[in-house]
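All remarks here apply to the structure that follows.
The values are calculated or read from the model by the stated rules, or taken from the named source; none is laboratory data. The structure displayed is predicted, hence computed values, not measured ones. Counting neighbours? That spans all protein chains shown, and the Cβs are built from the backbone with ideal geometry, glycine included.
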Amino acid sequence: MEGTIRLNKYLSDAGVCSRREADRLVEEGKVRVDGEIAVMGMQIRPGQKVVCDGKPVGEKEKPVFLIVNKPRGIVCTTSDKDHAENIVEFLNYPQRIYPVGRLDKDSEGLLLMTNQGDIVNKILRGGNAHEKEYAVAVNHPVTEEFLKQMCEGVRIEDLDVTTKPCRAWKTGSHTFHIVLTQGLNRQIRRMCRALDYHVMNLKRVRIMNLQLGTLKRGEYRELTEKELGDLMRMVEGSTNLPAREAAKLGKIVDPAKRERKTGSSGYQGKPGGRKPSDKNNERKPFEKKTGTGKIWRNVRQDGEIKPEKKAPASPESWKPGAPERKEHKIWTTRSRG
């Protein structure tokens, strides 16, 4: 219906929460529209009154993007099952914000927090292949074999999944950095455990173009204009949809695919790696034999010094005592096709 907006997007655009969190709140009956309990998937018309968890939902607030250095012991969920302080309470920011993704209770480092729900899945969806970099300390010496296995993918039995290929490099005898495009639950800890390593310390130092830098533990700062501009450009074209749904709709989910150019037919090696034959340092043009679908290059004239390829032997030349086959005076290179 023209002029309407889906309820979960309405709450996301208003800075209340992400779309997924909005759906959860609707399921729990914590959202009301014009005094009635909301239902999943309903559309909101202009002028309707929406109340979420007892609080009226007003117009869209000023966008907030924060880089936070989350300390260990702080959780990223609002669940109180651990009876631990969550990141929202810890920051006590004047506007309602929430984390983009999670860092588990025992991990620390960079956390992006915002009130812009649309950007959350664009960053988090594994199909969008956005990078997150971590500094890891383990209990055993880091070997080349260990790094090779981490990079190629590790089988995680309890999740019944093999991790995607990634990048990792050694930074010390017991430390390394790893760059992931996935976001499995406690992924790095599970990968290490599968290889008989135990993570002693885990810190996220980068999300896409955002660096933790020298930000102290427990502190936060706003993104600079350049950081925010670069971030918006990087998520441009990313999808909120799961990879399978995006593939069905023909949406591009891998940034590398958007940048990859379709190669032209013919030789794809180094520029200048294959050239037409020359005589007296003068390049000859390519020649095309039409009507056959085959391309003939580097036609030579009789008497040229350049090596010549011989025509394929005829079946008669295979017989004992057969005369030596004649040479073909035209060197040809057929295109692949």
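Take the range 40-55 and flag every residue that is assigned to a strand (DSSP E or B) and at pLDDT 85 or above.
We begin by selecting, within the range 40-55, every residue assigned to a strand (DSSP E or B); these are 43-44, 50-52, 55.
The answer is 43, 44, 50, 51, 52.
Among (1) assigned to a loop (DSSP other than H, G, I, E, B); (2) modelled with pLDDT of 90 or more, where does residue 96 come up short?
(2)
Can you give me the number of residues within the range 149-194 that are touching a strand residue (DSSP E or B) at 6+ places or on another chain (Cβ under 9 Å), surrounded by fewer than 18 Cβ atoms within 10 Å (Cβ to Cβ) and over 21 Å from residue 108 (Cα atoms)?
Here the count works out to 7.
Among the residues of the range 8-28, are any of a type in the set (Asp, Glu), more than 30 Å from residue 227 (Cβ to Cβ) and in contact with a Lys or Arg (Cβ under 7 Å, 6 or more places away or on another chain)?
no
May I ask you to say which residue of 136, 120 is touching a residue at least 60 places away in the same chain (Cβ under 8 Å), more than 20 Å from the chain's Cα centre (by Cα) and within 23 Å of residue 209 (Cα to Cα)?
It is 136.
Output the residue which, of all residues in the range 11-61 that are basic (Lys, Arg) and under 18 Å from residue 96 (Cα atoms), is surrounded by the most Cβ atoms within 10 Å (Cβ to Cβ). Let's see the steps before the verdict.
Let us first name the residues in the range 11-61 that are basic (Lys, Arg), namely 19-20, 24, 30, 32, 45, 49, 55, 60.
From the residues that got through so far, the ones that are under 18 Å from residue 96 (Cα atoms) too are 19-20, 24, 30, 55, 60.
Working: 19: 20, 20: 15, 24: 13, 30: 16, 55: 11, 60: 13.
Taking the candidates together, the pick is 19.
Among the listed residues 53, 106, identify the single one that is touching a residue at least 12 places away in the same chain (Cβ under 8 Å) and closer than 20 Å to residue 215 by Cβ. If you could, list the steps in order and put the result at the bottom.
Working: 53 fails: closer than 20 Å to residue 215 by Cβ.
The match here is 106.
Mind telling me which of the residues 88, 136, 142 ends up being at pLDDT 95 or above, touching a strand residue (DSSP E or B) at 6+ places or on another chain (Cβ under 7 Å), aliphatic (A, V, I, L, M) and not in a loop (DSSP other than H, G, I, E, B)? Before the answer, list the steps.
Values: 88 fails: at pLDDT 95 or above; 142 fails: not in a loop (DSSP other than H, G, I, E, B).
Criteria check complete, one pass: 136.
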